[in-house]
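All remarks here apply to the structure that follows.
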Amino acid sequence: MSDDIKFEGLAKGLTNYGDMDFSIYLRRSFASSMGYSREMLSKPIIGIAHTPSGYNNCHRHFPELLEAVKRGVLAAGGLPVEFPTISLGEVFLNPTSLMYRNLMSMDTEEMVRAQPMDAVVLLGGCDKTVPAQLMGAASAGVPAIQLVAGPMMTGKHDGERLGACTDCRRFWGQYRAGNVDDQEIKTVEGRLATTAGTCAVMGTASTMACIAEALGMSLPGTAAIPAVHADRLRAAEASGAAAMRLAANKTAPTDIINRDSIENALRVLLALGGSTNAIIHLTAIAGRVGVDIPLTWLNELSDTTPVLVNLKPTGSHYMEDFFAAGGMGAVLREIKPLLNLDCMTVAGETLGERLARDEGAWVDQDVISAFDDPVEPVGGLVALFGSLAPEGAILKRSAADKAMFEKEGRAVVFSSLEDLSNRIDDLELDVTEDDFLVMQNAGPKSGTGMPEAGYLPIPSKLARAGLKDMVRISDARMSGTAFGTIVLHVTPEASIGGPLGLVRNGDRIKLSVKDRRIDLLVDDTELEKRRQESPPTLPHPQRGYQKLYMDTVLQADQGCDFDFLKATK
Ligand code: FES
């Protein structure tokens, strides 16, 4: 009965109760109830992991993208079958979207593996969705291609360009400082995010879209196409056709994601001055294929990779400008000497073959600089180590104030998110602009899910005096659209006994970006004494997914994946 099935198609993963012919007969019979002809059911099947949601504004246009993917699959001779997985809309999830990234990765992995499909097109976009899908696909082992949502278009407010969500923060900062009134902030609120697509700057979503392309998991030139551009629909159609080729060649994600392509993705992350979240996500993706990313490797690459991209939050342009300026192709060509060109891509060509094809294409160097005239001579991210962060911490140096790179300051400590929110705007708070704000207990195992709270607000009394930045340190994350001299992902985190939890008001902390260090200047005897004090009581969920998360999530330097989801070596 299976002779007419060229690929595995509908017969893939049949239950075997001793009579396989009966199993396919039964499956065909139920599939027929959806109106497919027998001829259609004998074709290769391309699954489409479809993630629209009423809670995900960034995926608003996915129904239209889905139709274009299906067109591509049908034209190439396959049967497209969409299926839902959970969707993560960044701002709608409590306590934080990161907590659900691993859940989405498990959903993706299991549904891709459990259902009959020869390949899968992954439709994702908002921050956590692309890493979740790549993690799941890497573990499922089925041929896969990523199609991203694409960025939103910018809007305007009183003649000024606005893009979510760097400008959200800028206006909110001005509102807190008293320079923008209630009426204006309401008007701006309605103008920040006006089209489908992901945030309009080089935030986490755009960084991950570029990383997916750098890994070779998306078609060339597709990362930055705006969500509402007709090219995105053409990219969707082409992704459907490419999935058919991947299925025919049985190209597994592990044929594409390997140490060399991961190094390429790290180079791209650094050249973009991309989101700090991306190092967590890329580490988690790499972990699914058995590749470790020690933060010392990040530093080695960072020292030899210039920042080339002049985009917000660190620069002045938006994603639509990046696309028009040459997009990822231009960045990859500039850093070509640093890349591993033999890496295979979902287009069926190597990275080197792709770049040779694009040689000499036009580039707007106001947006994407030449390698020998970069925006910054070294990479956007740097890992810091020291007595405050023995396993590392991350600073986005391209978004930080260099005047604070070599600095010692007095700690002003908040023991939790709640403590921060209760006291940060207290006019009696003992804080000056030279102090270091420290927040504890916001790491992966804190019960908060490691929120993007590392962008601690400037205390109201300093903000009103015009202060825009100060050193802030935590075990939390920061939105990819944020900026400032902010030390994040301090590992080990405070809630599992990391030294960050031992910091007290008035302690001295020394930051040295030059030496890649962050040190707590308190002697060991005193620290040992503090270690004996009882730790603060933190929530520890006792059931369900949140318990699984708390029990098995790894630290930031391990990508915050679950310990049992990493590849077994
Ligand atoms: Fe979805 Fe920013 S909220 S990408």
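The values are calculated or read from the model by the stated rules, or taken from the named source; none is laboratory data. Note that the coordinates shown come from a computational prediction; the quantities given were computed from them, not determined experimentally. All Cβ positions, glycine included, derive from the backbone under ideal geometry; neighbour counts span all protein chains shown. The accessibility values were calculated without ligands, DNA or RNA, using every heavy atom of the protein model including side chains. Shrake-Rupley method; radii C 1.70, N 1.55, O 1.52, S 1.80 Å.
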(request) Subtracting the Cα-Cα distance from 0.36 nm times the residue separation, let me have the gained length for residue 467 to residue 175 in nm, one decimal. (result) 103.8 nm
(message) Once the cut-off is 16 Å, how many percent of the Cα-Cα pairs in the stretch 1-80 end up in the long-distance tail?
(response) 60 percent
(message) Please give me, ordered by residue number, the GluC sites (Glu not before Pro) of the stretch 399-503 that lie in loop per DSSP and have at most 15 other Cβ atoms within 10 Å.
(response) 428, 433
(request) For the stretch 362-404, restrict the atom set to alpha-carbon positions and state the Rg and Dmax in Å. (result) 14.4, 48
(request) Leaving ligands, DNA and RNA out of it, rank 508, 267, 60 by accessible area with a 1.4 Å probe, largest first. (result) 60, 508, 267
(request) Let me know the Rg and Dmax you get for the chain when you use only its Cα atoms, in Å. (result) 24.1, 80
(message) Could you tell me the calculated FRET efficiency between residue 341 and residue 364, based on Cβ-Cβ distance and R0 = 30 angstrom, to the nearest 0.05?
(response) 0.75
(request) Once every Cα of the stretch 85-165 carries one equal point scatterer and solvent is ignored, give the base-10 log of I(q)/I(0) from the Debye formula at q = 0.12, 0.20, 0.24 Å⁻¹, two decimals. (result) -0.41, -0.84, -1.07
(message) Give me the dipole magnitude in Debye, nearest 20, for the chain about the Cα centre, with unit charges on the beta carbon: positive for Lys and Arg, negative for Asp and Glu.
(response) 860 debye
(message) Given a 1.4 angstrom probe, what's the average accessible area per residue across the stretch 435-529, in square angstrom?
(response) 31 Å²
(request) Normalising by the residue count of the chain, find the relative contact order in percent from Cα pairs under 8 Å and 6+ residues apart. (result) 13 percent
(request) Would you list, by chain and number, the aspartates and glutamates whose Cα falls below 20 Å from the Cα of residue 569, excluding same-chain residues fewer than 8 positions away? (result) 109, 255, 260, 263, 292, 557, 561
(request) State log₁₀ I(q)/I(0) for the stretch 46-106 at q = 0.25, 0.30 Å⁻¹ as given by the Debye formula over alpha-carbon point scatterers of equal weight, solvent excluded. (result) -1.00, -1.20
(message) Can you give the local net charge around residue 419? Use residues other than it whose beta-carbon is closer than 15 angstrom to its beta-carbon, Lys and Arg +1, Asp and Glu -1.
(response) -3
(request) Along Cα→Cβ, 7 Å out, is where each label goes; now give me the distance between the ones at residue 324 and residue 250 in nm to one decimal. (result) 4.7 nm
(request) Note down the net charge around residue 238, summing +1 for each Lys or Arg and -1 for each Asp or Glu among other residues with Cβ under 11 Å from its Cβ. (result) +2
(message) Kirkwood hydrodynamic radius, the stretch 153-289, all distinct C-alpha pairs: what's the number in Å?
(response) 17.1 Å
(request) Evaluate the stretch 267-325: find the radius of gyration of its Cα atoms, find its Kirkwood radius, and give the ratio Rg to Rh. (result) 1.04
(message) Which one, 539, 520, 467, is farthest towards the positive end of the dipole of the stretch 449-554 when Lys and Arg carry +1 and Asp and Glu -1 on their Cβ?
(response) 467
(request) Would you give the gap between the C-alpha center of the stretch 136-191 and the C-alpha center of the stretch 309-373, rounded to a whole Å? (result) 23 Å
(request) Write down the radius of gyration of the stretch 373-490 and its Dmax, each obtained from C-alpha positions, in Å. (result) 14.1, 47
(request) Ignoring everything but the protein chains, give the 1.4 Å probe accessible area of residue 182 in square angstrom, nearest 10. (result) 90 Å²
(message) Restricting to DSSP H runs of at least four residues, report the calculated mean residue ellipticity at 222 nm for the chain, -39500 (n - 2.57) per run over all residues, nearest 500 deg cm²/dmol.
(response) -10500 deg cm²/dmol
(request) Would you give the gap between the C-alpha center of the stretch 62-125 and the C-alpha center of the stretch 495-530, rounded to a whole Å? (result) 43 Å
(message) Could you sort 396, 547 by their accessible area in this structure, using a 1.4 Å probe and putting the largest first?
(response) 547, 396
(message) Treating only the Cα positions of the stretch 496-535 as identical point scatterers, give the base-10 log of I(q)/I(0) from the Debye formula at each q in 0.16 Å⁻¹.
(response) -0.44
(request) Compute the length gained on full extension between residue 357 and residue 534: take 0.36 nm times their separation in residues and subtract their Cα-Cα distance, giving the result in nm to one decimal. (result) 57.5 nm
(message) Along its three principal axes, how long is the stretch 514-555 when you only count alpha carbons? Whole Å, largest extent first please.
(response) 41, 31, 11
(request) First compute the accessible area of the chain with a 1.4 Å probe, then give the percent of it belonging to carbon and sulfur atoms. (result) 51 percent
(message) Once ligands and nucleic acids are excluded and a 1.4 Å probe is used, how much of residue 222 is accessible, expressed in Å² to the nearest 10?
(response) 10 Å²
